[in-house]
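Report on the following structure.
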Amino acid sequence: MKIICGTDFSENSEQAAIAAAAIARRLDDRLILAHVTDETLLTSLPEDVRKTAAASTAEQLQDAVRRLRPIGVRVEEHVLS
């Protein structure tokens, strides 16, 4: 059973991700860390701003994954819209 945890990059969601990672490790399974963006808000922005926002989101998600790896769990990251 995969464990899925959403994140908005807040301190509370980081604590939830740590708990989810511990559960995934105990079950010897992987954690899927997901962030959801609202594409309807981004469509009105210029493309260069959208690309910058997407890159920033991806970087934040990768940072969150790196912080979870010492727990000893396999982590996948996903950005959904």
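Numbers below:
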quantity: Any hit, the stretch 5-16, residues being at pLDDT below 90, outside any strand (DSSP E or B) and either surrounded by 10 or more Cβ atoms within 10 Å (Cβ to Cβ) or among the hydroxyl-bearing types (Ser, Thr, Tyr) (or both); calculated: no
quantity: Single residue of THR37, THR52, THR43 found to be open to solvent by less than 70 Å² (accessible area, probe 1.4 Å), under 21 Å from SER81 (Cβ atoms) and at pLDDT below 95; calculated: THR37
quantity: Among the candidates ARG69, ARG25, residue that is open to solvent by 70 Å² or more (accessible area, probe 1.4 Å), touching a residue at least 40 places away in the same chain (Cβ under 8 Å) and over 9 Å from the mean Cα position of the chain (by Cα); calculated: ARG25
quantity: Unique residue being in contact (Cβ under 8 Å) with a residue 24 or more places away in the chain, within 17 Å of the chain's Cα centre (by Cα) and not in a helix (DSSP H, G or I) when the list is LEU61, LEU33; calculated: LEU33
quantity: Residue in the stretch 60-72 that is under 16 Å from ILE4 (Cβ atoms), touching a Lys or Arg at 6+ places or on another chain (Cβ under 8 Å) and of a type outside the set (A, V, I, L, M) present; calculated: no
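The values are calculated or read from the model by the stated rules, or taken from the named source; none is laboratory data. If you're wondering where the values come from, they're calculated on a predicted model, not measured in any experiment. Note: ideal-geometry Cβ built from the backbone for every residue, glycine included; neighbour counts use all protein chains shown. Surface accessibility is based on the protein's heavy atoms, side chains included, excluding ligands, DNA and RNA. Shrake-Rupley method; radii C 1.70, N 1.55, O 1.52, S 1.80 Å.
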